[in-house]
Amino acid sequence: MTATRLSPESWIQAGFDALTAQGPSALKAEALARDLQTTKGSFYWHFKDVPAFHDALLNRWEAESLDGFQTGEENASAVQRLRSLAQHSENTSTIEPAIRAWAHGSEKVAETVARVDAKRLEELDVLLSEIGLSNPELSRIIYAANLGMTELSGLDGQRNEAALGTLVDLVLALYA
């Protein structure tokens, strides 16, 4: 067993690692304790129960995923900020596809993902409005491409900055 004291953050990171590697069935106190080479008592010291742990995971993911979905530097042009935002998938952690897969089997996770998606789409809508593009379908297209590219990168390891930049350039050219 481990001699170091684990923090809630240690358990949350272990949860993200387990979710990414094995799926939501791995998000159990005993399995996580085994992975961390400690006792379940350490888990229950920090979390009331497994659902409370799941809540902590989701809260952390929501906060980090929204913090990371920024429109770039405030002094940059709206077009530069759009390109930066569209290329956000390069900064997305590997946990996003795992969270989205978990959402297929959990209403609570699906609600969290829907909340994050709504906020991200709202951010895109505002930015496109600044550019003079008010068609909300454009936000969905750019966002969906971003999500799909994140998934694709997880499979083939390729980066997507150029492809997403090209998509933004095409959208801007069509509406110029």
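Among N146, N75, N59, determine the one that fluctuates most according to a GNM of the chain built with springs between C-alpha atoms less than 10 Å apart.
Judging by the Gaussian network model, the answer is N75.
For I141, I12, write out the residues from largest to smallest accessible area, computed with a 1.4 angstrom probe and no ligands counted.
Final ranking, largest accessible area leading: I141, I12.
Charges only on Cβ, +1 for Lys and Arg, -1 for Asp and Glu: so what's the dipole of region 14-55 about the Cα centre, in debye to the nearest 20?
100 debye
Show me the trypsin sites (Lys or Arg not before Pro) within region 94-176 that DSSP assigns to loop and that have at most 14 other Cβ atoms within 10 Å of their Cβ.
R159
Would you mind checking the radius of gyration and Dmax of the chain based on alpha-carbon positions, in Å?
When restricted to Cα atoms, the chain yields Rg and Dmax of 18.8, 63 Å.
For the chain, give the magnitude of the charge dipole about the Cα centre (Cβ charges: +1 Lys/Arg, -1 Asp/Glu; no others), in debye to the nearest 20.
540 debye
Pick out which of G23, G148, G105 has the largest mean-square fluctuation in a Gaussian network model of the chain, springs linking Cα atoms closer than 10 Å.
Most flexible of the set in this elastic network: G105.
For region 18-176, compute the number of Lys pairs whose alpha carbons are separated by less than 18 Å, excluding pairs fewer than 8 positions apart on the same chain.
6
Rounded, prolate or oblate: pick one for region 112-163, where a ≥ b ≥ c are the square roots of the eigenvalues of its C-alpha gyration tensor, a/c under 1.5 means rounded, and failing that, prolate if a/b is larger than b/c, else oblate.
Here region 112-163 falls in the oblate category.
Among P97, A26, N135, whose Cα sits farthest toward the positive end of the charge dipole of the chain (+1 at Cβ of Lys/Arg, -1 at Cβ of Asp/Glu, about the Cα centre)?
Positive-most Cα among the choices belongs to A26.
Which residue, I142, I99, I131, has the most motion in a Gaussian network model of the chain that connects Cα atoms within less than 10 Å?
Residue with maximal mean-square fluctuation among I142, I99, I131: I131.
What is the gain in length, in nm to one decimal, between D117 and S7 on full extension, counting 0.36 nm per residue of separation less the C-alpha to C-alpha distance? Don't skip to the end; give the middle numbers.
On the way: separation 110, 0.36 × 110 = 39.60 nm, distance 2.95 nm.
Going from the current span to full extension adds 36.7 nm.
Using the Karplus curve 6.51 cos²θ - 1.76 cosθ + 1.60 with θ = phi - 60°, work out ³J(HN,Hα) for each residue of region 132-138 in order, rounded to whole Hz, and write x for Gly and Pro.
Each residue's phi maps through the Karplus curve to give x, 10, 10, 6, x, 5, 5 Hz.
The values are calculated or read from the model by the stated rules, or taken from the named source; none is laboratory data. What you are looking at is a predicted structure, and each value in this text was computed from that prediction instead of being measured. We place every Cβ from the backbone using ideal geometry, glycine too, and count neighbours over all the protein chains shown. For the accessible areas, the whole protein counts, side chains as well, though only heavy atoms, and no ligand, DNA or RNA atoms are used. Shrake-Rupley method; radii C 1.70, N 1.55, O 1.52, S 1.80 Å.
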